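The values are calculated or read from the model by the stated rules, or taken from the named source; none is laboratory data. Computed from a predicted structure; not experimentally measured. With ideal geometry, Cβ positions are generated from the backbone for all residues, glycine too; neighbour counts draw on all protein chains shown. Remember, those area values only see protein heavy atoms, side chains included, never the ligands or the DNA or RNA. Shrake-Rupley method; radii C 1.70, N 1.55, O 1.52, S 1.80 Å.
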Amino acid sequence: MYEPSSVEGKWQKKWEEAKTYEIDLKNAKDPFYSMVMFPYPSGDKLHVGHWYNFAPADSFARYMRMKGHDVFTPMGFDAFGLPAENYAIKTGVHPDDSITTNVETMITQLKRIGTMYDWSKMVNTSKPDYYQWTQWLFLQMFKNDLAFKKEASVNWCESCQTVLANEQAQDGTCERCDTEVIQKPMTQWYWKISDYSQRLLDGHDNLDWPEKTISMQKNWIGKSEGCDVTWKVEGSDLSLDTFTTTVDTIYGVTFAVISPEHPELENIVTAEHKDAVAAYQNKAIKKTDIDRMAEGKKKTGVDTGAFLIHPFTGEKVPLWVADYVLMNYGTGVVMGVPAHDQRDLDFATSYGFSIVQSIQSDTGETFVYDDVDKYNVKGEIVESGDFTGMSILDGRKKITEALEAKQLGTAKVQFKLRDWSISRQRYWGAPIPIVYDPEGNAHAIPEEHLPWELPRDVEFKPTGTSPLAQSKELKERTEKIFGAGWTPEVDTMDTFVCSSFYQFRYLAEGSDTEFVPKDIAKKWMPADMYIGGPEHACMHLIYSRFVTMALKDFGFIDTEEPFKRLVHQGLITNGGAKMSKSKGNVVSPDAFIEKYGSDTFRMYLMFMGPFTDGGDWNDTGINGTDRFVKRLWRLFDEFKFSPNGSEEKEVTSKLHATIKKVTNDMERLQFNTSISALMELLNLLEKAEKIDEDTAKTMIKLLAPLAPHLAEEVWEKLSGDGFVIDQDWPTYDEALLVSDTLTIAVQVNGKLRGTISVDATASKEDIISQAKADPNVSKFTDGADIKKEIYVPGKLVSLVI
RNA sequence: GCCGGGGUGGCGGAAUUGGUAGACGCGCACGACUCAAAAUCGUGUUCCGCAAGGAGUGAGGGUUCAAUUCCCUCCCUCGGCACCA
C-alpha cells in the first residue's frame, strides 16, 4: 500500500538535507532561470490557484533540470500592501508581526507541494534588507530625472484612502476593492514610464510571450501617429493646438471642442459665456468616469463664444466646451469633423453644426473613420483647396508638410500610456526616500541612510494623509540627520514598485552592498521562464519591463527585458464560477493532500486540461490520477523486472513512443497529454509478460517531473543511483518506433470501409492490392471502375470509384 | 463598437504538415471477487439501428479522393479595451 504522507515527507526532508535545489549562481554551467509570480503572504492557507500555478511550473523546472540545465527557481513574498494593513486596523496586530507569521506558515505549506525552490535566496519585500533596494531604485530614478513630483488630477479610492495608478483604476474602479474611483487634484510622485513607450513596444518583437498579453500591452501603450495643428484664437494672441491622426479631413472642420479641464479655457471664453461655461465645468468635474461612461455616446457641451482661425481657409471655427474631450490625452482640444468622425457627428447633430465632406472612399462614398483602418485607408481628398484630388494618405502627408511650412503644425506620435503614479497614502509600504528642507524643496536621502526604515509608532487607520505623518520617531530621525525644520516624505511606494525588480534581487543573495552582481545578472537574466496570471498584463508586466530598461540605462545591468518566455496559467473555477470566500465555493487543497498526497493532487490539476486553459474543479476527477498512482506503485512494488533485452518488442517501441511524446509535451507545457501518454504506457506494461529493468527505470524518469516524490521512492526501490531528479532525461530511438506491421486504413470514396495489416516493408503496389482484396472493401468496389488510387505512406489507401 | 481566444460524447478533454474523430481519464452499465458493501479486476460505453448500414466536431455553404484542421457567410460564448480625436 502506497502511503503518500510518509513517502512525501521523507523525500522533502532528504532533498532539503542534501541541499539538492540550492544553486551555485556563480559557477552554474548551463543556467536556466525559472520564475513564478511570487505570492502575497495572506493568513489563509494555500489555495487551489497557488497549486495550479506553482506545481506545473515546478514540473516544468524539473524537466529542464533533467535535460541538463542548472535550474534556479527561487521563491519570495510580495509582502507589502493593503491586506496586512487592513488586518492591523481590525485587530491591532502590527503588519510586520502578522506578515512574519504568515510567511512562516506559507513556507511550510509551499514545501508540501514538493517544489524545487532554492530557499536560501528567498526575498520578502517588506523587510528592510529588501526595501532598502526599493528605495535605492527610487533614488536612481530621481537622480536620472525619471522620478518627479507634480500636482495633477489623480485616481482616488475612498475606501482604500489612497491614490491609484491608472493601471490600478482601469474601468473606473479600484483594482483592490472595486470601489468607484474619483478624480482629485493632488501632488504626487511619478515615474516617467512614458519616456519608454516606444521602447516598450519595440521590445515585444523579441519576447516569447502570449500574443494576447502583447496585444493588451500594445493597446495600453496606445501609439497613434498624426499631427498637432495650431489654431489662432480670433481677436487674441492666444492659440490652441489640436492633435489629430487624420489631418486629411482638416477642410471638413466645422467646429472645435475644448476639454472642461483645459487650463487656457478661462482666458479664451468670452464675457457673455463665462457663467454658462463655469457651470458646465463644475458639473463635468464632479462626474466620475463611471458617470461619463454611463452616458455612453450622448454628448453635451456649451459655447465659449470664441472662434478659432482655420489654418488654410482663414474661416472662423466656433469653439465649444465638451466633456467628451479628455484633458489627459493629446492636447485637450479637438477639431470637429462631423462628416468623418462619429463622435463629432453626434455632437454636431445635437448642436446644429454643418457637416462638410472632405474625403471619399475609392468607390466614391463618404465614410466615418470608426469603420476603417485609418493608417491603410484608400480614397481621395475632395473640396480641400490645393489638396483636392490627392489620395488620402498622400494628402495627409502633404497637409502636414504645409502646416509645418506655415509653422502652424507638426507631425507627432501620441501615446496613451501615462506616467506611473507611485505615491500611496498608506502605512504598509516602502517609505519614499525623500526629505524636504524648511523651504519645502525635495532632497534625496543619501544612500548611506538606506534602509530608510518604516517607523513603527503610528496608527494604521487611514485618514487620507499618510499614517507616517504621525510618527514622532520619523520626524526626529529626519531632523537629527538633516537639521531642524527638515521634514520627511510621508507617502509610501506602490507595491508594484517592490515587485518590479525582484527578479534581480533573487540573484543578489541578500547582498546589502550591491543591487545585483553584474556578472551574475548577465549570466542569468533575462529569466528564461516566467509563469503567472494574465491579470498582470498591464501592471506588473509593464512596470518590470520599464524598470529593467531604466536600470540598464543607468548602467547597473546589461539586460533590456526581464522575462524571455512568459506563460499564463489558466483559472480554476468551481461550478463555473471564480472561487471566492464570499461565494463560499473555495476548494481547499488540504483535505485532498491529506487523502491523496501532493503527487496525486498536482497531477490531477495538470491532467484536467491544458495548463493555459484552467478548468472547472470536480471532486471525483481526482480518482483517475489516484488510481494511476496506485497502479504504478503496485506494478513497481510487485513486479520482478527482467534482464535488459528480453521484453516484447511492442513494449520497447511503446516506451520510445512515450519518451518522444512526453518530451515534446513537456517542452510545450502540455502536462495533460504527458500524463495520458504515461497512462497508456502503464496500461501496456500491466499486460506485459516481461519488462526490462531499463524500461522500468526510464518510465520512472519520465514520471519524475510530474510526481517527484513517488518517482524518488520507486527509483530507490529499483536501486537507482542518487536522486532520480539528478538523472538525465531519457532519449528515444526513432528506429525503435517503427513496428513490423502497419495498420492501413482503406477508404472508398472517402468513407472508411476497412483496415488491413501489412508488413512494414511492403511496397505501395502490394499494399493497394491487399487493400482491394480485403472483403470489407471489395464489397464496395466490386463491379465498379476504380478511377483513382491514393496511398498515404504508413497511413491509408483511398480508392475512388 | 474595436481587438483576441474558444464552440468536439453524459462530463474533463485528445487528434505533428488536411489522412482511421472521440486517445487518456471521470461517470455510468453489466460481470468477477464478497454474507454484503467499499476497494480492486474484467467487459462495454458518440448517436440512430436487431443487423447491414447511416448520421456526426456550433449552423449553413465551398475547395478536396479525404476537412475538427483550409476558404466564405452567420450564430453563440469567454477574456481584454472602450468618447484615445
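One table, with the values for the structure above:
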read-out: Along each principal axis, Cα extent of the stretch A:454-591, largest first, Å; value: 60, 46, 29
read-out: Other-chain or far-sequence residues with amide H under 5 Å of A:Q747's (modelled H); value: A:R753, A:V797, A:S798, A:L799
read-out: Signed unit charges on C-beta, dipole axis of the stretch A:120-245, positive-most listed residue A:W209, A:A152, A:S120; value: A:S120
read-out: Å² per residue, accessible surface of the stretch A:407-456 at 1.4 Å; value: 40
read-out: Crossing angle, helix A:708-717 versus chain A [Cα axis fit, 0-90 degrees, rounded to tens]; value: 20
read-out: Mean separation of Cα contacts under 8 Å, 6 or more apart, over the residue count of the stretch A:526-591: relative contact order %; value: 38
read-out: Theoretical ellipticity at 222 nm over chain A - DSSP helices of four or more residues, -39500 (n - 2.57) apiece, nearest 500; value: -11500 deg cm²/dmol
read-out: Phi-based couplings in Hz for the stretch A:257-262 (Karplus 6.51, -1.76, 1.60; Gly and Pro marked x); value: 10, 10, 6, x, 8, 5
read-out: Degrees, to the nearest 10: A:342-351 long Cα axis against longest axis of chain A; value: 30
read-out: Spatial extent of the stretch A:565-620: Rg and Dmax, with the Cα atoms as the point set, Å; value: 12.0, 35
read-out: Stretchable slack from A:D24 to A:L737, in nm (0.36 nm times residue separation minus alpha-carbon distance); value: 252.8 nm
read-out: Two-site label geometry, A:K406 and A:K149: point separation in nm, points 7 Å out along Cα→Cβ; value: 4.4
read-out: 0 to 90° range, to nearest 10: angle between helix A:671-687 axis and chain A longest Cα axis; value: 10
read-out: Pairwise centroid distance, computed over Cα atoms, of the stretch A:17-93 with the stretch A:108-175, Å; value: 17
read-out: Set of the stretch A:1-30 residues, backbone N closer than 11 Å to the point 7 Å along the Cα-Cβ line of A:E716; value: A:6-15
read-out: J(HN,Hα) series, the stretch A:441-456, from Karplus relation 6.51 cos²θ - 1.76 cosθ + 1.60, nearest Hz, glycine and proline x; value: 7, 7, 10, 6, 6, x, 4, 5, 8, 7, x, 7, 6, 6, x, 9
read-out: Per residue, in Å², the accessible surface of the stretch A:1-72 once ligands and nucleic acids are set aside, probe 1.4 Å; value: 41
read-out: Magnitude of the charge dipole, chain A, Cβ model with Lys/Arg +1 and Asp/Glu -1, debye to 20; value: 1180
read-out: Contact order relative to length of the stretch A:643-741, as percent, for alpha carbon pairs under 8 angstrom and 6 or more apart; value: 36
read-out: Surface per residue (accessible, 1.4 Å probe) for the stretch A:155-286, Å²; value: 45
read-out: Note, ³J(HN,Hα) from phi for the stretch A:498-505, Karplus 6.51, -1.76, 1.60, rounded to Hz, x at Gly and Pro; value: 4, 8, 7, 9, 5, 4, 8, 6
read-out: Nearby lysines by direct alpha-carbon distance to A:K184 (threshold 18 angstrom, same-chain neighbours under 8 apart not counted); value: A:K149, A:K150, A:K283, A:K286, A:K287
read-out: Sequence-distant aspartates and glutamates (8 or more away, or on other chains) whose Cα lies within less than 14 Å of A:K764; value: A:E789
read-out: Accessible surface of the stretch A:372-441 [probe 1.4 Å, protein heavy atoms]: carbon and sulfur percent; value: 48
read-out: Sequence-distant residues sharing a close amide H with A:T366 (under 5 Å, placed H); value: A:S361
read-out: Carbon + sulfur, % of accessible area of the stretch A:52-137 - ligands and nucleic acids excluded, 1.4 Å; value: 52
read-out: Cut-off under 5 Å, modelled amide H: who pairs with A:F255 long-range; value: A:G336
read-out: Average projected area [Cα convex hull, chain A], square nanometres; value: 45.8
read-out: 10 Å binning of all Cα-Cα separations within the stretch A:1-43, expressed as whole percents from 0 upward; value: 19, 27, 40, 14, 1
read-out: In the stretch A:578-661, lysine pairs closer than 23 Å at Cα, eight or more apart or cross-chain; value: 8
read-out: Segment A:S361-A:T105, extension gain: residue separation times 0.36 nm, minus the distance between their alpha carbons; value: 85.6 nm
read-out: The stretch A:1-110: trypsin sites (Lys or Arg not before Pro) falling in loop per DSSP and having at most 14 other Cβ within 10 Å; value: A:K19, A:K26, A:K29, A:K45
read-out: Relative contact order (%) - criterion: Cα under 8 Å, at least six apart; region: chain A; value: 14
read-out: Within-15-Å neighbourhood charge of A:Q470 [Cβ basis; K, R +1; D, E -1]; value: -1
read-out: Apportionment of accessible area to carbon and sulfur, the stretch A:669-801, percent (1.4 Å); value: 46
read-out: Tensor-based shape of the stretch A:620-744 (alpha-carbon gyration tensor, a/c under 1.5 rounded, otherwise prolate or oblate); value: rounded
